[in-house]
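Notes follow the structure.
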Amino acid sequence: MPGTARHDREMAIQAKRNLSKTTDPVERLRLQCLARGSAGIKGLGRVFRIMDDDNSRTLDFKEFVKGLNDYAVMIDKEEAQEIFRIFDKDGSGTIDFDEFLVTLRPPMSNARKEIIMQAFRKLDKTGDGVITIEDLRGVYNAKHHPKYQNGDWTEDQVFKAFLDNFDSPYDKDGKVTTEEFMNYYAGVSASIDTDVYFIVMMKNAWKL
């Protein structure tokens, strides 16, 4: 992915800088995630998913705080309670973590979402909503990768490393869902000011 690493660094530095200025608890949590780079919010999502033992896709306050602690987010209990209250709209004592992650994602225009989905559909050869190594075979040429050229990696290892970019840093399963892809690019998008530049970058990167 051309340019992504640089954007990641810029975004992380910017997020750390903004952290000292903002008092909004949701924005503070968002910035703490973005300070880890594009995969930051997705990583938090994975932590919550692992904790959701009964697959209810909801978290109570105790699980919510434990998830934040496991992900090493610096947050005090009052701030966590305030965030939890914001998301627990019906006062049931649980929050829907899909809704939570979507809200935590930096906002993106529809034009950006559409180009991200175009890239996803191009990569998802089988059309099953998940990108795997099999999907990449026809779309992504591993033979140009320097580690393939010098014999360090096989083609599959190149594909795996490629998927790891989008996968969560803590639970790499070699599969990338629409949601993970979108979460990743929401992070990249946060570091790019204009829609035009974002769209040009995506078109060049994925030859759309």
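The values are calculated or read from the model by the stated rules, or taken from the named source; none is laboratory data. All values reported here derive from a predicted model rather than from experimental measurement. With ideal geometry, Cβ positions are generated from the backbone for all residues, glycine too; neighbour counts draw on all protein chains shown. Quick note on the areas: whole protein, heavy atoms, side chains included, nothing else; ligands and nucleic acids left out. Shrake-Rupley method; radii C 1.70, N 1.55, O 1.52, S 1.80 Å.
Does ASP98 count as assigned to a helix (DSSP H, G or I) and over 18 Å from ARG28 (Cα atoms)? Please lay out each step first, then the result.
Values: assigned to a helix (DSSP H, G or I): yes; over 18 Å from ARG28 (Cα atoms): yes.
So ASP98 passes the test.
Quick check on region 79-89. Is at least one of its residues open to solvent by less than 40 Å² (accessible area, probe 1.4 Å), among the aliphatic types (A, V, I, L, M), assigned to a helix (DSSP H, G or I) and at pLDDT 85 or above? Quick ask: steps written out before the conclusion?
Pass one, region 79-89, residues open to solvent by less than 40 Å² (accessible area, probe 1.4 Å): 79-80, 83-84, 87-88.
Among the residues that remain, those that are also among the aliphatic types (A, V, I, L, M) are: 80, 83.
From the residues that got through so far, the ones that are assigned to a helix (DSSP H, G or I) too are 80, 83.
Next, only the ones that are at pLDDT 85 or above stay: 80, 83.
Yes; the residues of region 79-89 include at least one that is open to solvent by less than 40 Å² (accessible area, probe 1.4 Å), among the aliphatic types (A, V, I, L, M), assigned to a helix (DSSP H, G or I) and at pLDDT 85 or above.
Of the residues in region 99-131, how many are within 18 Å of THR194 (Cα to Cα) and touching a Ser or Thr at 6+ places or on another chain (Cβ under 7 Å)?
Result for region 99-131: 3.
When you scan region 163-206, how many residues do you find that are modelled with pLDDT under 85 and part of a loop (DSSP other than H, G, I, E, B)?
Within region 163-206, residues that are modelled with pLDDT under 85 and part of a loop (DSSP other than H, G, I, E, B) number 11.
When region 130-142 is examined, which residues are found to be part of a loop (DSSP other than H, G, I, E, B) and exposed (fewer than 12 other Cβ atoms within 10 Å of the Cβ)? Walk me through how you get there before you give the answer.
Taking region 130-142 and keeping what is part of a loop (DSSP other than H, G, I, E, B), we get 132, 137-141.
If the condition is that a residue be part of a loop (DSSP other than H, G, I, E, B) and exposed (fewer than 12 other Cβ atoms within 10 Å of the Cβ), then GLY138 is the only one that fits.
I'd like to check something: does region 14-23 contain any residue that is closer than 16 Å to ASN165 by Cβ, under 19 Å from the mean Cα position of the chain (by Cα) and assigned to a helix (DSSP H, G or I)?
We begin by selecting, within region 14-23, every residue closer than 16 Å to ASN165 by Cβ; these are none.
So far as region 14-23 goes, no, none of its residues is closer than 16 Å to ASN165 by Cβ, under 19 Å from the mean Cα position of the chain (by Cα) and assigned to a helix (DSSP H, G or I).
For LYS160, are the conditions met, namely being under 24 Å from ILE50 (Cβ atoms), assigned to a helix (DSSP H, G or I) and open to solvent by 60 Å² or more (accessible area, probe 1.4 Å)? Spell out the reasoning first.
Working: under 24 Å from ILE50 (Cβ atoms): yes; assigned to a helix (DSSP H, G or I): yes; open to solvent by 60 Å² or more (accessible area, probe 1.4 Å): yes.
So LYS160 fits the description; yes.
All but one of (1) more than 30 Å from VAL200 (Cα to Cα); (2) in contact (Cβ under 8 Å) with a residue 60 or more places away in the chain hold for ALA80; which doesn't?
(2)
Somewhere in region 15-22, is a residue closer than 23 Å to GLU179 by Cα and not polar (S, T, N, Q)?
Yes, the conditions are met somewhere in region 15-22.
Cβ-Cβ distance below 7 Å, separation of 6 or more or different chains: which pairs start in region 147-159 with a residue that is closer than 22 Å to VAL176 by Cα and touching a residue at least 24 places away in the same chain (Cβ under 8 Å) and end on one that is outside any helix (DSSP H, G or I) and among the polar types (S, T, N, Q)?
Close Cβ pairs satisfying both conditions: none exist.
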